[in-house]
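To keep things clear, I will list the structure first and then write my remarks on it.
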Amino acid sequence: MPSPLPAAAGLGFKPEHFATIHQTRPALGFFEVHAENYMGDGGRPHAQLAALRADYALSLHGVGLSIGGADPLDRDHLARLRRLIDRYEPESFSEHLAWSSHGGDYLNDLLPLPYTDETLALVCAHIDEVQQVLGRRMLLENPSTYLEFSQSTWVETDFLREIARRTGCGLLLDVNNVFVACTNRREDPRAYLADFPLHLVGEIHLGGHDAEFLPSGPLLIDAHGSPVADPVWALFAEVIDRTGPLPVLIEWDNDVPDWPVLLSEARAAQSLIGQTMTGRSRHALAS
Amino acid sequence: MHSHPDLIAAFRDGLATGTLPPGAKALPAEIDRRFAVYRNNVTHGLIEALATRFPVVKALVGDDFFRATARLFIAQHKPTNPVLMLWGEDFPAFLRGFPPAAGLPYLADVARLEYARGIAYHAADPPPLTGEALARAATGADIACVALHPSVQLLRARHAFVTIWAAHQPGAAPGEINPLQEEIALVLRNRLLDVEIWRLTRAESLFIVGLGKTGHLLGAAGAARVADPRFDPTHLILRLSAAGALISRETTDV
């Protein structure tokens, strides 16, 4: 079993920041990379990842398995993932409750699925296969969504809890996705988080979103191209206070800012993780 | 009941046509806009992936033309797996047969060059030939022992595709280009893991072809003299070796 990710703030690795990271060795809990960007045979991507991995804990985050799809999992892609995991031995592997491939087309987006007994069985079979091929427990991430399905007979929190119960997988709680999806459903994100099985969470994601305006209110879009929004920080502070310290990732994948901006987002997350730790020791002393 | 495959297929088809998948639920006044977020994400994501891979093609045709062209390409040539770094191999041929781009006859050749750069960037990392092994090979003592690094690719074009590509790099000096000048390009990745493009003479290109086929430096030089009786491969061999582009033939068999 791999050791867990450190319960500290981490950053998504962007190649343009490699030299700065390599020279300054900033104190961060871990780096996360998208698995699919490291599926070439060699060259600079692997040279950088190997150097990064020597200094930091690593989270491998997949975006292409299509776990919520209707087709069988792509065995070649699973084999590529296995090779990557054998080579870098990341502390964590995570994927999404979403689909991205169908009938031989890869659509390069995290697309939504209805939550039914049928999709529950399918998703669980896919996760069983992933965990068997990779020889490890994976984390499953809650999605950002923009519409719902009338077919759904499960609410998302129950669906995720049941997947974890059946497969033994852990969960990746993306607090920005919670805010985006709940706002878009006109639901209360605090109610969602109150229902979320926080004891199964192995990592938290925070990222920025965009907003459009529809007749019924805002339509939020998970864009990862801006700072974490204030309401998401507020939700995160409440979550981390309940869970205690966890690995927390800042995701900023588009319009990537200069390194100091990213680092200050990670420091802000770290500060909230730290407050939880002092808060807990205070509680412990008082009891 | 197996409704999931039908739903996913309808969703996938609807991304192109705009037809909502069955069961999609939102306020009627908003549902198209909400579905369009997915439609835009898919199209925009794939266009950006192509733009990353073909930056000079994009610079040559301009942003709007590139996006419109990429949109048509994507409709016919979706990626078949999530490893997007290998996607786009069909784009040069698509551009060659794309009437609106007929005014830029060199566009497809520039696209070939850019695709080859991506292949070189991600190619495997076999160790370069040592100086001792190169010396043995060059003196003929150890015949047929040399191979080309997997990043090495030889491309010929009836257009000045290397010169045009180079003119669109940062800091390039402006100058007259005759696009109808034939050029031969060698694409490779150097020891610092940067991709380089060299212009080769016909004799040099025959040397590369011969070396790739036989692994024999002296034999390849002989083949090159068909094009240039005075061809001396020394300079090219030293350049290739300095770049780490020569490897042991045994390494490629592993």
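The values are calculated or read from the model by the stated rules, or taken from the named source; none is laboratory data. Remember, it's a predicted structure, so these values are computed and weren't measured experimentally. For neighbour counting, all protein chains shown are included, and Cβ atoms are generated from backbone atoms with ideal geometry for every residue, glycine included.
Structure summary
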item: Failed item, numbered, when A:ASP230 is tested on (1) surrounded by 13 or more Cβ atoms within 10 Å (Cβ to Cβ); (2) over 22 Å from B:VAL37 (Cα atoms); (3) at pLDDT 95 or above; result: (1)
item: Complete set of residues in region B:188-213 that are crowded, with 18+ Cβ neighbours inside 10 Å and under 17 Å from B:ALA133 (Cβ atoms); result: B:LEU211
item: Filtered residue count, region B:16-33, keeping only those that are more than 7 Å from chain A (Cβ to nearest Cβ) and without any contact (Cβ under 8 Å) to a residue 40 or more places away in the chain; result: 8
item: Flag if A:LEU60 is farther than 30 Å from B:LYS25 by Cβ, away from chain B (no Cβ under 11 Å) and in contact with a helix residue (DSSP H, G or I) (Cβ under 6 Å, 6 or more places away or on another chain); result: yes
item: Criterion (under 26 Å from B:ILE197 (Cα atoms), without any contact (Cβ under 8 Å) to a residue 60 or more places away in the chain and touching a helix residue (DSSP H, G or I) at 6+ places or on another chain (Cβ under 6 Å)) met by exactly one of B:LEU46, B:LEU95, B:LEU113, B:LEU86; result: B:LEU95
item: Residue list for region A:135-155, filter: within 14 Å of chain B (Cβ to nearest Cβ) and not β-branched (Val, Ile, Thr); result: A:PRO143, A:SER144, A:TYR146, A:LEU147, A:GLU148, A:PHE149, A:SER150, A:GLN151, A:SER152, A:TRP154
item: Residue satisfying all of: in region B:134-153; surrounded by 19 or more Cβ atoms within 10 Å (Cβ to Cβ) and among the aliphatic types (A, V, I, L, M); nearest to B:ARG199 (Cα to Cα) among these; result: B:VAL152
item: The lone exception for B:ALA36 - which of (1) touching a residue at least 24 places away in the same chain (Cβ under 8 Å); (2) within 13 Å of chain A (Cβ to nearest Cβ); (3) surrounded by fewer than 19 Cβ atoms within 10 Å (Cβ to Cβ) it fails; result: (1)
item: Candidate set: region A:102-132, residues that are of a type in the set (S, T, N, Q) and either modelled with pLDDT under 95 or closer than 22 Å to A:HIS205 by Cβ (or both); chosen: the one surrounded by the fewest Cβ atoms within 10 Å (Cβ to Cβ); result: A:GLN131
item: Those residues of region B:104-136 which are closer than 22 Å to B:GLN76 by Cβ and part of a loop (DSSP other than H, G, I, E, B), in sequence order; result: B:LEU104, B:PRO105
item: Elements of type helices (runs of 4 or more DSSP H) in region B:142-254, at least 1 residues being free of Cβ contacts under 8 Å to residues at least 24 places away in the same chain, charged (D, E, K, R) and touching a helix residue (DSSP H, G or I) at 6+ places or on another chain (Cβ under 9 Å); result: B:202-214
item: Odd one out for B:LEU84 among (1) at the interface with chain A (Cβ under 8 Å from one of its Cβ atoms); (2) closer than 26 Å to B:SER248 by Cα; result: (2)
item: Options A:SER66, A:SER3: the member that is polar (S, T, N, Q), within 14 Å of chain B (Cβ to nearest Cβ) and over 14 Å from the mean Cα position of the chain (by Cα); result: A:SER66
